[in-house]
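Okay, so here's the structure we're looking at.
The values are calculated or read from the model by the stated rules, or taken from the named source; none is laboratory data. Model, not experiment: these values are computed from the prediction. Cβ sites come from the backbone with ideal geometry, for glycine too, and all protein chains shown count toward neighbours. Note: areas computed on protein heavy atoms with side chains; ligands, DNA, RNA excluded. Shrake-Rupley method; radii C 1.70, N 1.55, O 1.52, S 1.80 Å.
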Amino acid sequence: MTKIELNRFQHSLKKKMAELENGNRNRGAIAIETSPDELDRIQHGQERDLAMGALDRDSKLLREVRSALIRVDAGTYGICSDCEEDISLRRLTAVPWAASCIVCRQTADSLSEQHWNAGEEMLVGTN
C-alpha cells in the first residue's frame, strides 16, 4: 500500500470516527416515557429498543474505527489480524476499518452461523 493510499484511509477513518463521536443518534429516544395509553407505551418501548440497538452498533463501529487508526500508527494497517496476509485495497475501500481479509471474515462468519444453528437446534429440540 502506498503512502498516499494509507493517508487516504487514515483521513477516511478519522472522518468516520468524528461522525460517530458526534453521535448522529438522538439519545433522548432511549429515555423511558410513561403514558396512560398501553399502545403508546408499547410504541415508546419499541422506539427505545431500536435506538438502543443503533447506539450499540455505533459504539461497536467506533471501537473498530479506533482500532484501525491504532493499526495505522503501528504500521500494521491493511494486514489481516488472522492470517497476516494483506487485505485487498478493494475490501479496505469498502470497509476501511476491516481487521481481517475477506476469506478470514467469511470463515469466521460461517463458524459463527454454525454455532448459532447448533444452539438453535438444541432449543427447538429437533430429533
Practice item. Kindly indicate whether any position in the stretch 41-55 is at pLDDT 95 or above and of a type in the set (Lys, Arg). Key: no
Point to revise | Residue list for the stretch 10-29, restricted to those being within 16 Å of Gly78 (Cβ to Cβ), open to solvent by less than 50 Å² (accessible area, probe 1.4 Å) and either over 17 Å from the mean Cα position of the chain (by Cα) or modelled with pLDDT under 90 (or both) | key: Gln10
**Study point:** Test for Ser35: is it among the polar types (S, T, N, Q), open to solvent by less than 60 Å² (accessible area, probe 1.4 Å) and part of a helix (DSSP H, G or I)
**Key:** no
**Study point:** Where Arg91 falls short, out of the listed (1) outside any loop (DSSP other than H, G, I, E, B); (2) exposed (fewer than 15 other Cβ atoms within 10 Å of the Cβ)
**Key:** (2)
Review point. For the subset of the stretch 60-86 comprising residues that are outside any helix (DSSP H, G or I) and not charged (D, E, K, R), which member is surrounded by the fewest Cβ atoms within 10 Å (Cβ to Cβ)?
Key: Gly75
